[in-house]
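Below you'll find the structure, written out as structure tokens, and then a few comments.
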Amino acid sequence: MGQDKFRYRTIWISDIHLGTKGCKSEFLLDFLRYTESDYLYLVGDIIDNWRLSRKWEWTQSHNDVVQKLLRKARKGTKVYYIPGNHDENFRTFARHRFGNVAIQMEAIHTTADKRRLLVLHGDQFDAVVKYAKWLAHLGDWAYEMLLEINHLVNLTRRRLGLPYWSLSAFLKHKVKNAVEYISRYELAVVTEARKRGVDGVVCGHIHASALFDMDGILYANDGDWVESCTALVEHHDGRLEIIDWLKIRQFSPIDARVRDTAPPDFSKPTETNGAET
């Protein structure tokens, strides 16, 4: 294989939310075009059935994402789909395969350096989703409105020559209740991993990428493809890394002309991470 792609042992992506206006499908297509892996985990909320039940926002690029994922599976990538709360109806098909894609409720992934990682979406550790689904749907609507405002703010900033700034990410990390919610979620997920006797956990759900050790348990959240366009990757030696595709490709999230840009500079070494199942 030529030196025209980023190659990893494992890639984890989640919270794509295909079927919504906020989905950054063009950037995900660019990511999928320039990356290869032995294992690919789709860690929930890939298709947003909540939003599709209210309004149809399915573009050609959303079709292209699905086709690209299926093509990777046909060419030998081991693809695992772990449904989340927005695509929970697919949980009915757990333990089945569709187009060489295995659907599972969760998975245990063994990295190249022999660490065992529990892989799950994580919505079961969100009390709002678990006990008050109506409130979760209300929060989803509010989040959609916030993304619309975020888009308008950055259109204005772009005209003024200012860099991209995420209002939604700012509020998420600065508002006290949001910070406490994320901390409680991280603790709950890590506590479950400790109960299972594994070395770490990989999840999504809260749209907040992170990679750190919590009292001997590795916590990894691969982020999302609505705001941040991030993925968790495993290098072939077992190292793990959060990939920020917008920074690597120097894209603005409001620039839709992804396909007209130059490919990455692969002559420069990049740090990646690895894992196995």
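The values are calculated or read from the model by the stated rules, or taken from the named source; none is laboratory data. Quantities reported herein were computed from a predicted structural model and do not represent experimental measurements. Positions of Cβ are generated from backbone atoms using ideal geometry, with glycine treated the same way; all protein chains shown enter the neighbour counts.
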### Query
Which of the residues that make up the stretch 72-93 are under 18 Å from the mean Cα position of the chain (by Cα) and assigned to a loop (DSSP other than H, G, I, E, B)?
T77, I82, P83, G84, N85, H86, D87
### Query
Of S37, S61, S25, which residue is surrounded by 21 or more Cβ atoms within 10 Å (Cβ to Cβ), in contact with a Ser or Thr (Cβ under 7 Å, 6 or more places away or on another chain), hydroxyl-bearing (S, T, Y) and within 21 Å of N150 (Cβ to Cβ)?
S25
### Query
Within the stretch 7-19, how many residues are surrounded by fewer than 24 Cβ atoms within 10 Å (Cβ to Cβ) and touching a helix residue (DSSP H, G or I) at 6+ places or on another chain (Cβ under 6 Å)?
1
### Message
As an exercise: evaluate A112 against (1) touching a helix residue (DSSP H, G or I) at 6+ places or on another chain (Cβ under 6 Å); (2) of a type in the set (A, V, I, L, M, F, W, C); (3) part of a loop (DSSP other than H, G, I, E, B) and give the number of the one condition it does not meet.
### Response
(1)
### Message
under 25 Å from I242 (Cβ atoms) and without any contact (Cβ under 8 Å) to a residue 40 or more places away in the chain: is that true of Q67 in this structure?
### Response
no
### Task
Return yes or no: is V198 of a type in the set (A, V, I, L, M, F, W, C) and in contact with an Asp or Glu (Cβ under 8 Å, 6 or more places away or on another chain)?
no
### Query
Can you find a residue in the stretch 178-185 that is at pLDDT 70 or above, crowded, with 17+ Cβ neighbours inside 10 Å, of a type in the set (D, E, K, R) and over 19 Å from the mean Cα position of the chain (by Cα)?
no
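Residues checked against (1) of a type in the set (S, T, N, Q); (2) within 17 Å of the chain's Cα centre (by Cα):
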{"residue": "F98", "(1), (2)": "no, no"}
{"residue": "Q104", "(1), (2)": "yes, yes"}
{"residue": "H109", "(1), (2)": "no, yes"}
{"residue": "R115", "(1), (2)": "no, no"}
{"residue": "H121", "(1), (2)": "no, yes"}
### Complete set of residues in the stretch 212-224 that are in a strand (DSSP E or B) and touching a Leu at 6+ places or on another chain (Cβ under 6 Å)
A220
### Message
Would you confirm whether or not the stretch 147-163 contains a residue that is modelled with pLDDT of 65 or more, of a type in the set (G, A, S) and under 21 Å from the mean Cα position of the chain (by Cα)?
### Response
no
